[in-house]
Amino acid sequence: MTSSRSVVLRVLVAVAVVAAAVADSPPLQDICVADLRSNATAVDGFPCKPAASVVSDDFFSDAIVSAPSTSNPFGVNSTRATVSAFPGLNTLGLSITRTDLAPGGLNPPHSHPRASELVLVLSGEVMVGFTTATNRLFSRVVREKELFVVPRGLQHFQLNVGEGNASFVAMFDSQSPGLVTPTFALFASQPPMPMEVLAKTFLMGEDEVGAIKSKFAGF
């Protein structure tokens, strides 16, 4: 009969394998600046630029320096420095986003399927929260220089609860964390989500669902 110690060891090994599988793979070379112009299919990263053509500026980005406009219904704007905008991140397993919030602005509930998120508030007061698979909400008002972490893949939001503008940076343990926003996925997908699915999901009539969909027509 298999001993309990052996069973525990097998479980721990399985957990370690799964944990390694969900993280970005470690690089096999010192540098692999993304060749964004390559026609090759990108699998877990972009093809590398020829080493001879790599320059210092490939490892520099000013993508998040300027404050973007927050003139939209949500009062939010995010500027992403992922590998698509910052080729030097290729194969390094990290990226960063700057988000600006107008007073009362909301970064709507969303998730990043390939990354955990570490939020650092730069200015203002931001309520950050996430929900677990058991529908439990964890939230906290985060202020300047304070941190809040969101586990990988969980739905989360950021809401400006201060009197003025707010901004924060979100750091990810993936060069391409992905972004899934349920409201857009449900009400602004192409082709459209079947009306019957939406009506039954939200226990609404089709007219009510249509009214909601009309609000997301421009997204």
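The values are calculated or read from the model by the stated rules, or taken from the named source; none is laboratory data. Bear in mind that the values here come from a model prediction, so they are computed numbers and not experimental data. Here the Cβ positions follow ideal geometry from the backbone for every residue, glycine too, while neighbour counts run over all protein chains shown. Just the protein is used for accessible areas: all its heavy atoms, side chains included, with ligands, DNA and RNA removed. Shrake-Rupley method; radii C 1.70, N 1.55, O 1.52, S 1.80 Å.
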Checklist entry - Tell me, in nm to one decimal, what length is gained between residue 66 and residue 165 on full extension, where the rule is 0.36 nm per residue of separation less the Cα-Cα distance? => result 34.2 nm
Next on the checklist: At R0 = 35 Å, how high is the FRET efficiency between residue 122 and residue 219 if r is their beta carbon distance? Nearest 0.05 is fine.
Outcome noted: 0.85
Item to check | Proximal lysines relative to residue 200, as straight alpha-carbon distance under 23 Å, when same-chain residues fewer than 8 apart are discounted | outcome: 213, 215
Checklist entry - Given charges of +1 on the Cβ of Lys and Arg and -1 on the Cβ of Asp and Glu, with all other atoms neutral, how large is the dipole of the chain about its Cα centre, in debye to the nearest 20? => result 580 debye
Item to check | Sites residue 202 and residue 53 - FRET efficiency at Förster radius 41 Å, r taken between beta-carbons, to 0.05 | outcome: 0.20
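In Å², and per residue, what accessible area does the stretch 58-177 have when probed at 1.4 Å with the other protein chains present?
About 48 Å² of surface per residue is accessible.
Round to the nearest 0.05 the FRET efficiency obtained for residue 190 and residue 135 when R0 = 30 Å and r is the Cβ-Cβ distance. Provide the component values of the computation, followed by the final result.
Details: r = 29 Å, r/R0 = 0.97.
With a Förster radius of 30 Å, E is 0.55.
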Item to check | J(HN,Hα) series, the stretch 201-211, from Karplus relation 6.51 cos²θ - 1.76 cosθ + 1.60, nearest Hz, glycine and proline x | outcome: 5, 9, 6, 10, x, 5, 5, 5, 5, x, 5
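Tell me, what % of the accessible area of the chain is carbon and sulfur with a 1.4 angstrom probe?
Values: 8020 of 13310 Å².
Exposed carbon and sulfur together represent 60 percent of the surface.
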Checklist outcome for this item: Sorted by chain and number, the residues with a modelled amide H under 5 Å from that of residue 142, at a separation of 5 or more or across chains, are 126, 127, 128
